[in-house]
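Have a look at the structure below before the remarks.
Rule-based calculations on the coordinates, nothing more; no lab input. Small disclaimer: the values here were computed from a predicted structure and weren't measured. Methodologically, a virtual Cβ is constructed for each residue, glycine included, from the backbone with ideal geometry; neighbour enumeration extends over all protein chains shown.
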Amino acid sequence: MVEIYSPSGSEEELAKFLQDQMTSQGFKVERDNAGNVIGHMGDEGPNMLLCGHMDTVPGEIPVRIENGILYGRGAVDAKSSLAAMISGSSQAMKRRTAPFRVTVAGVVEEEGSSAGAKAMIASGKSYDLAVFGEPSGASNIIIGYKGSLQLHVTISTRGGHSASPWLSKNSYEEAYEFWRAFRSSLINNESESKFSAVTGCVTNAVAGGPNTNIPSQARLAIDIRIPPTIKAAEMIERIEEFTKQYEKNHEGVRILFAVKDHTEAFLGQEDSIVIRAFRYAIRKTMKCQVSLVKKTGTSDMNLFAKPYSIPMIAYGPGDSSLDHTDEERINLNEYLNSVEIYANAIQQIASLKQKSLISQTR
């Protein structure tokens, strides 16, 4: 999988490979209109969705194995997680002692538009629980992700001739001052709890034209991450109020902002059936303590949270600090442990559901 380069929008070759591999492992495989690869196993028992993404960020990394470490784009984010889902489900089916149904979905464009996840949601199919393939580290379970706001801000001034900079406001300089005030008022990157705070940064800045002109327009792209205690609409309202006041205090400066995309935060319960099953599976496989973690990023799990009121977690091997870097790598022993953990967790969910049904019948 890692040898097949698959940046967002170019997942077709990997999709065909996975379709063949999943079929050979006993899945009934289909492709949807978005390009997702969807494999099904089992016809009764709890219905589980295991959702991983096929795409990566751009930028190829030479694929190699050294001292039990696999290097390559997607090794961490998140082909190892998707591969573990596929192999773990296949192993669970071979060992099953209680019935279950599992759907493993390799979705497209998680790193971009989330078109794959949106197509899965639009299909209207129901599930009893969901697991999303993201690097948590083999002994950790992700229970929450922050939400996000993607803003485009345009700062406009009258402009003028560069020979007389004292006569005109410079939109580039005003953009810098605006960002400093914005960050000071609305963002707290220095908070001790990064998950509970509003954090953010400028991801792109553009200004300028001919060398003899004072820039009359500057544009900023701002990425804001929101905790579960704040809804996107509330954050947008804060930004609107700040922008109005900033304009009022800065004559000759016009500020326009547009929300290009937004995603609500998600924080799941800590005692759901899926968490109990993965705790059991991790302890059984690795003989270690299990940590529940909250991530400052955003994943497809956030999108599923609103339409699906079901237990959800994210789980997968790998160090998430290597995401999107040129140092992406996965320890193959950790990967193999995660395969076993998926197999054990799936069986445990089936067993817990069966015991619950028997108890209810009594």
Straight distance only, please: which lysines reach the Cα of K284 with their own Cα at less than 27 Å, same-chain residues fewer than 8 apart left out?
K79, K94, K294, K295, K353, K355
Taking a ≥ b ≥ c as the square roots of the eigenvalues of the Cα gyration tensor of the stretch 78-128, is the shape rounded (a/c under 1.5), prolate (a/b larger than b/c) or oblate?
oblate
Hey, fewest Cβ within 10 Å first, where do S6, S185 land in order?
S185, S6
Taking 7 Å along the Cα-to-C-beta vector as the label spot, tell me the V202-T23 distance in nanometres, rounded to one decimal.
5.2
Classify the stretch 1-144: rounded, prolate or oblate, from the alpha-carbon gyration tensor (a ≥ b ≥ c, eigenvalue square roots; a/c under 1.5 rounded; otherwise prolate if a/b is larger than b/c)?
prolate
Output row, site K118, 7 Å Cα→C-beta label point, backbone N cut-off 11 Å, window the stretch 14-37, residues none
The chain, relative contact order in percent, only Cα pairs under 8 angstrom and at least six apart counted:
25
Within-14-Å neighbourhood charge of I121 [Cβ basis; K, R +1; D, E -1]
-2
Antiparallel DSSP beta bridges within the chain, as percent of all bridges there, nearest 5:
70
q = 0.09, 0.15, 0.18 Å⁻¹, the stretch 228-348: log10 I(q)/I(0) [Debye, one scatterer per Cα]:
-0.43, -0.86, -1.07
Grab the alpha carbons of the chain, take their convex hull, and tell me the volume per residue in Å³.
163
Compute the Cα gyration tensor for the stretch 47-96, then decide on rounded, prolate or oblate, letting a ≥ b ≥ c be the square roots of its eigenvalues: rounded whenever a/c is under 1.5, prolate when a/b is larger than b/c in the other cases, and oblate in all that remain.
oblate
Where does the charge balance sit around V29 when Lys and Arg score +1, Asp and Glu -1, over other residues with C-beta under 14 Å from its C-beta?
0
Charge tally in the Cβ shell below 15 Å around T199, where Lys, Arg are +1 and Asp, Glu are -1, T199 excluded:
+4
